[in-house]
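Everything on this sheet refers to the single structure shown next.
The values are calculated or read from the model by the stated rules, or taken from the named source; none is laboratory data. A quick note: this is a predicted structure, and the numbers were derived from the prediction, not measured. Ideal geometry is used to build each Cβ from the backbone, glycine not excepted, and the neighbour counts take in all protein chains shown.
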Amino acid sequence: MKIVHYPHPALRHVARPVTAIDKRIERYVAEMVELMVEGRGLGLAGPQVALPYQIFVMHVEAEHPEKAKAYIHPLIVERRGSVEGEEGCLSFPGLYGRVRRAKTIKCQAYNLRGQLEEQTVSDLEARVWQHEVDHLHGELFIDKMGAIAKMASRGEIKKFEREFHRAQERGELPPDAEIKKVLEDLERQA
């Protein structure tokens, strides 16, 4: 398992619900936490590791990676307030941009024991939640940037696209059609 970079097709693939929380899902979550911590990220969603499942992992206390949690079938049920802040993404290494998000959200998700948990979170935790839930819908933080931030990052985004396509040409990454087939096969295993 590895973190995929933009414009990998998995990043635009809408994630599917998981039908059972089994050893396979627990293993995926453990690997995702490792990659998130290794990448010094605050969150990591299934599509970012080419898993088309409604799962993300998160920890907002970088000094305490053992507090990382998994969220399965996450849902934001209420949004309040609005705040703009800088975001980055493990699928866009080195790219940052200002994004407007709800300041406080009420959200719910299943934990690894299959129990539904509901909570209200604000500020950084709310921002990470919204960013990761967007990933599960095939939406990226670059889609949410304001016009000025989009223009400022256009060159870096084009660079990600060139590097990805060159890697495909060199045979380091499969063609998009092959990646999409793998995602569809994984969906059938959900």
**Request:** Give just the number: which of (1) within 30 Å of ALA167 (Cβ to Cβ); (2) without any contact (Cβ under 8 Å) to a residue 12 or more places away in the chain does GLU61 not satisfy?
**Result:** (1)
**Fill in**
For region 55-91 the number of residues that are out of contact with any Cys (no Cβ under 9 Å at 6 or more places or on another chain) and farther than 18 Å from GLU34 by Cα is 11
**Fill in**
Per the filter on region 70-108, residues closer than 22 Å to SER153 by Cβ, in a strand (DSSP E or B) and among the aliphatic types (A, V, I, L, M) are VAL83, VAL99
**Request:** For region 115-123, state whether one or more residues are charged (D, E, K, R) and within 28 Å of ALA20 (Cβ to Cβ).
**Result:** yes
**Asked** When only residues in region 84-113 that are in contact (Cβ under 8 Å) with a residue 60 or more places away in the chain and among the aliphatic types (A, V, I, L, M) count, which is surrounded by the most Cβ atoms within 10 Å (Cβ to Cβ)?
**Response** LEU90
**helices (runs of 4 or more DSSP H) (entirely within region 109-190) containing at least 1 residues that are over 16 Å from ILE76 (Cβ atoms)** = 141-144, 147-169, 176-188
**Asked** Can you tell me which residue in region 1-44 is surrounded by the fewest Cβ atoms within 10 Å (Cβ to Cβ), limited to those that are assigned to a loop (DSSP other than H, G, I, E, B) and β-branched (Val, Ile, Thr)?
**Response** THR19
**Prompt:** Does region 45-58 hold any residues that are touching a Gly at 6+ places or on another chain (Cβ under 8 Å) and either of a type in the set (Asp, Glu) or in a loop (DSSP other than H, G, I, E, B) (or both), and which are they?
**Reply:** PRO52, GLN54
**Prompt:** Residues in region 66-73: is at least one at pLDDT 95 or above, surrounded by 15 or more Cβ atoms within 10 Å (Cβ to Cβ), on the phi < 0 side of the Ramachandran plot and hydrophobic (A, V, I, L, M, F, W, C)?
**Reply:** yes
